[in-house]
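Take a look at the structure below.
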Ligand code: AMP
């Protein structure tokens, strides 16, 4: 019996017997179509793992990666697992201030970045004590691959137990500082296995992979799903709806954030014909509008399966796949997955009866180990009896379907990406002429929510909204930058002195309404 609980070993065990079959085929990007066989995955991950091993990194070393989406970036992830280190993916949109924080906090032993960013990224990394900085571009070039080429293409996967760290995913914190969610080999593998069964993965499945791979959805849910099933992936580095529609007939499984479904529906050529071989459309990461759910069913005959999860827990709930388990209900995120405990509690920690709204708390083998180097924060986010407080507000109806109704932490989700107002407020408040600010999300027809800033000037100062936005653009990822910035005399406050964001949201609720 194999006692190595390294996730890579489980994924590799699922490769088909014929290693010469195509595992991944690129649909866009330099050189497309490029075909990677299962044997290529086996060999390339061995070479990169051998390179990492040759660096004599300490036990539990972090490998931080900020690169464009490419098959090689996925191979790097698998190689980090294989070598027994901890993978730390970073959103490609992150700018200097953010990277500086992640590197200082995570203290990675290895940083991999795009060639064009090597100058500033390596400076940050070397100053923080990182000894190895490699480059990797989406055209199969960079020093990582140059160096890996000198290493053997066989490698014995590092011995790991289920409780060993496999990845750290940084989630933005309500205080404006990100927290690193520590996920173990056991967390990732148990969740991947549950989803494999629950979503009925079967022989012959082909996944259309269109999501970024720095996030739980594209990196874990999508990639693990296909790998654990030995399934071919059609690999898009960028989501182009027209191109995706062209390739859909070759696929059986698609995973997307709600915005992608809206964009598919905007394609005139998209309909039943394009979906003729499809088995399953999965949505998540943000609420899927009921209009999208209904329009998609009418257009394609397929009922989108919505699921719910987060970086700290991977997947928690899912609408049923098999009709015998129930219907897929729009506006709900389905049932807790097998092995996942989910309960709704009121502000005093007492269980809410069916249909009543409260804080969602969860338990299970998928729930993370804690926040990296934040034991106090970790303690705060768990109940005394060991349930994780998700920060999401929702309810469970009498039939057991879970609905998410809001986010207790004022999180904004724009185009499937999370934006924490406190982080943007922190940057704004530091700017000259700014006394204070409030950042909110208001309904946006394309992105679900659009980020809006409301700023109060210092006495006598007249900050220019456009200049504030431009300054933010140079500091943080574009998706976090407010699309509108208002300068006002005062923020609305309650008697306790708390800023009334609800009032601000109402005030600006029609800002992005399409006329
Ligand atoms: P992340 O950690 O970036 O994956 O973000 C997790 C958060 O996204 C959750 O805590 C929810 O607030 C939200 N989320 C994920 N899936 C859904 C969904 N299907 N419906 C509503 N919100 C969702």
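Quick note: the coordinates plus some simple rules give every number you see, no bench work behind them. Bear in mind that the values here come from a model prediction, so they are computed numbers and not experimental data. Methodologically, a virtual Cβ is constructed for each residue, glycine included, from the backbone with ideal geometry; neighbour enumeration extends over all protein chains shown.
Here is how the numbers come out for the structure above:
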| quantity | calculated |
| --- | --- |
| Rh (Kirkwood; distinct C-alpha pairs) - the chain, Å | 23.9 Å |
| Tail weight of P(r) past 18 Å, computed on alpha-carbon pairs of region 227-298, percent | 37 percent |
| FRET efficiency for residue 399 and residue 20, using Cβ-Cβ distance with R0 set to 60 Å, rounded to 0.05 | 0.80 |
| Spin-label model distance (nm) - residue 464 vs residue 268, 7 Å beyond Cα toward Cβ | 4.2 nm |
| Principal axis dimensions, largest first and in whole angstrom, of region 180-328 by Cα | 43, 33, 31 |
| Mean projection area, nm², convex hull over Cα of region 333-408 | 5.2 nm² |
| Two-site FRET efficiency, residue 290 against residue 56, from Cβ-Cβ distance with R₀ of 60 Å, rounded to 0.05 | 0.65 |
| Full-stretch length increase - residue 277, residue 436 - with 0.36 nm per residue and alpha-carbon distance subtracted | 51.9 nm |
| Point-to-point label distance, residue 126-residue 383, nm (Cα→Cβ direction, 7 Å offset) | 5.2 nm |
| R0 of 51 Å, Cβ-Cβ distance residue 114-residue 511: FRET efficiency to nearest 0.05 | 0.90 |
| Cα pair distances of region 444-501 binned at 10 Å [whole percent] | 20, 41, 33, 6 |
| Simple label model, 7 Å out from Cα along Cβ direction - residue 343 to residue 140, nm | 5.4 nm |
| Measure of compaction for region 411-507 (Cα Rg per 2.2 N^0.38 Å) | 1.03 |
| Contour excess over end-to-end distance, with Cα ends at residue 13 and residue 202 and 0.36 nm allotted per residue | 66.5 nm |
| Label zone at residue 101 (point 7 Å along Cα-to-Cβ), backbone N below 15 Å, region 449-481 | 472-481 |
